[in-house]
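What follows is a short report on a single structure.
The values are calculated or read from the model by the stated rules, or taken from the named source; none is laboratory data. This is a predicted model, so every value here is computed, not measured. Ideal geometry is used to build each Cβ from the backbone, glycine not excepted, and the neighbour counts take in all protein chains shown. Side chains are part of the model used for accessible areas, which takes the heavy atoms of the whole protein and leaves out ligands, DNA and RNA. Shrake-Rupley method; radii C 1.70, N 1.55, O 1.52, S 1.80 Å.
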Amino acid sequence: MKFNIKEEHLIIKPYKSQTSVYVREQKGFYQKIRRHLNWLLMFAFIAMPFVQFNDQQAILLDVVKQEFRMFNLTFWPQDFILLAGIFMVAAFALFFITTWLGRVWCGYVCPQTVWTLAYVWVEHRIEGTRNKRMALDKAPWSLNKAYKKTLKHIIWQLMSLFTATTFISYFVPVNELYSTMLTFNWSGAVTFWVLFFAIATYANAGWMREHVCIHFCPYSRFQSAMFDKNTLLVAYDTQRGESRAPRKRKDDAKALGLGDCVDCNLCVDVCPAGIDIRNGIQYECINCGLCIDACDQTMDKFNYPKGLISYTSEQQLAGKETNRFNLKLVSYGVLSVLFVLLLGIWMNNRIPLEANIIRDRTALYRVNFEGVVENTYTLKILNKTQSPLHFDINVDNFAGVELALPKNVLIEAGIMQEIPITLAINGYQLEKKITTFDFIIQSIEQPAILVQKNTVFFRN
Ligand code: SF4
Ligand code: SF4
């Protein structure tokens, strides 16, 4: 037994316009998993912006204020490393899943797949089954056809607008977004982005569907590099299925010299990528398992064992054991866990306070009328927590020198405050012409929030 992989199936073909795929609605084990997952993901996507935490939207990427709020944490552009960390975790998790289970991300949870499934569901309810949809498209324009097409596109456009508005509510506070929507007071920027994402959703899920996966998605292009002989892929058992031919249920296939494939074509009709899995593994396949459901249904009808098409590995088809713990898979798994741990450690040690010190650039120092040397600084402090905090400012390295330093400085949440500081020291109290020291900024309410910033003091 072996995979029916032909070289031409793995070659990336240039874009060629092709006729639409009319997907047949299919029920079955894998379709049930997809549907439940899709409902869950859609619900999470819609509900999440309404979740409140400490009287604020729990998850908000506020572009205007340049802050990303996630429950009790607020991130700023200075926390760019977080984004890099999240990308690393996501990348290695994706490599791990793809090496193990092929393109299940595409087949089960990718937003393109989820939305396409929802749009096809609407199409099926309005225009009918696959055969009816094909007949409707071929039929000349009539009142009935115009009514069905108009209704479908209106519902698709409403779904697109709703999707885009929900998406924007991750960037604009949900209360503000919906209250201004009801009074037709959206800003130009909000209106633009809602329309932009609405058109993108309508085009992607309504019109382009599998073309996005096949021709635009970069993931489909490099996924095969992650596959190996142990990867679980949807595959047709050529040895068992061939030679294929239609037959009656009571026919003796063996006597007729036939394999188990009855050539019902259902596996092709249900395929959202519009491919025939019997031709071997193809890069268009999103591992959704719909052809397995369709084929199992046919196998049941003919009283043949299920699994002519199944999730299997090349090893398994060759009659060998699938090695679940091969080096590549384990390496991706270990790296994923490692990056999650590093990200966790970074988050745990992150201090929600940013401070910068700027020395007066016009003069190194000034000697005042009492003969005391003055150095001036501007301290910029950003309170990155979600509550107002008071700060004390101290210095090290000036033991025995009396200094007037700001105390109990109130800084509101998310506010960057500038504090001018003048240090006045008698020159004879310092040994060197240039003294290095630290400003120490510490929260009174939460002493663990402490930052030290290094600078210098000049004397004559
Ligand atoms: S071949 Fe089967 S698993 Fe692959 S995309 Fe088509 S229906 Fe889904
Ligand atoms: S669904 Fe199964 S039996 Fe029908 S054509 Fe496909 S592989 Fe053959």
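Is it true that some residue in region 291-309 is within 15 Å of ARG103 (Cβ to Cβ) and within 16 Å of ligand 1 (Cβ to nearest atom)? Yes, some residue in region 291-309 is within 15 Å of ARG103 (Cβ to Cβ) and within 16 Å of ligand 1 (Cβ to nearest atom).
For the criterion of being farther than 24 Å from LEU37 by Cβ, within 14 Å of ligand 1 (Cβ to nearest atom) and basic (Lys, Arg), ARG278 passes. A Cβ distance below 7 Å, combined with a sequence gap of six or more or placement on separate chains, defines the contacts here; from region 240-268, residues that are in contact (Cβ under 8 Å) with a residue 12 or more places away in the chain reach no residue that is within 16 Å of ligand 1 (Cβ to nearest atom) and aromatic (Phe, Trp, Tyr).
Evaluation of GLY259 against the conditions (1) in contact with a strand residue (DSSP E or B) (Cβ under 9 Å, 6 or more places away or on another chain); (2) within 16 Å of ligand 2 (Cβ to nearest atom) shows that the sole unmet condition is (1). In region 294-348, the qualifying residues are those that are among the charged types (D, E, K, R) and open to solvent by 80 Å² or more (accessible area, probe 1.4 Å), and the one that is nearest to ARG278 (Cα to Cα) is LYS306.
Here's the yes/no breakdown for (1) farther than 17 Å from ILE351 by Cβ; (2) of a type outside the set (A, V, I, L, M):
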| site | (1), (2) |
| --- | --- |
| ASP396 | yes, yes |
| ALA404 | yes, no |
| GLY414 | no, yes |
| ILE421 | yes, no |
| GLY427 | yes, yes |
| GLN452 | no, yes |
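For region 144-163, the condition of being out of contact with any Leu (no Cβ under 8 Å at 6 or more places or on another chain), of a type in the set (A, V, I, L, M) and buried (at least 19 other Cβ atoms within 10 Å of the Cβ) holds for at least one residue. Is there a residue being among the charged types (D, E, K, R), closer than 30 Å to ASP62 by Cβ, modelled with pLDDT of 90 or more and in a strand (DSSP E or B) anywhere in region 425-442? No, there is no match, as no residue in region 425-442 is among the charged types (D, E, K, R), closer than 30 Å to ASP62 by Cβ, modelled with pLDDT of 90 or more and in a strand (DSSP E or B). Check whether at least one residue in region 280-297 is more than 9 Å from ligand 2 (Cβ to nearest atom), among the small types (Gly, Ala, Ser) and under 26 Å from the mean Cα position of the chain (by Cα), and report yes or no. Yes: one or more hits. From ASN38, ASN72, which residue is farther than 22 Å from LEU117 by Cα and either open to solvent by less than 40 Å² (accessible area, probe 1.4 Å) or at pLDDT 80 or above (or both)? After applying the criteria, what remains is ASN72.
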